Amino acid sequence: MPDPHILDVFDIPSRALIALDWRPYRFFIQPYHYMIRAAHVVSMAAFFGGIAVLDLRLIGWRAPLPLRAFSEQILPWLYVTFGIAVVTGIALFLYDPLHVGSHAYFSFKLILTVLGVINAALFQRSGYLTSLPADGPASLRPTKHARLIGVISLLLWTGVVVCACLNVEAAPKRLYQ
């Protein structure tokens, strides 16, 4: 019997994972699996790099570009790389849902991803343009609201990457006496 894990409450039920396992898809994707995995890792890294730079800028990290101009330049990059990461991530999950969905941190990664998207959506809906002054010296200083959103976003997306890294490792062995 496996050791209980604190994240077990977030596990996807095995029956649901088994129901998603469709072998014809797996056999169709198999020759391209390595390319899909590479595209997922590269797009995830590109997204995280972009979001980290934006979040650090929101937190107050200095850059020569005014905050609004910087945000307008990087947002299209974030949308594209996030979209690629989602599509390739779904393709990888459906390749072997039982194996991928059984990883200890997979569900938690999904939850953090959803929270990251919600955080970004709330920031945009709450009038993020007012938090990003357009011109002058004030454009280099983010508001407290923007700083808070930047910190939360950076923590959430870092959590997604950490969970992804932890999923590739086997659970640590416990030493019993």
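Throughout, read-outs are computed from the coordinates displayed, never taken from laboratory work. As the structure is a computational prediction, the values presented were derived from the model and not from experiment. As a convention, Cβ positions derive from the backbone with ideal geometry for all residues, glycine included, and neighbour counts pool all protein chains shown.
In table form, for the structure just shown:
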quantity	calculated
Computed FRET value (nearest 0.05) for LYS144 with ARG37, which takes r as the C-beta separation and R₀ as 41 Å	0.50
Protection proxy ranking of 13-23, 86-96, 147-157 - average other beta-carbon atoms within 10 Å, highest first	147-157, 86-96, 13-23
10 Å beta-carbon shell around GLY101, net charge (K/R +1, D/E -1)	-3
Chain lengthening between VAL151 and LEU166 when straightened (0.36 nm per residue, less Cα-Cα)	3.2 nm
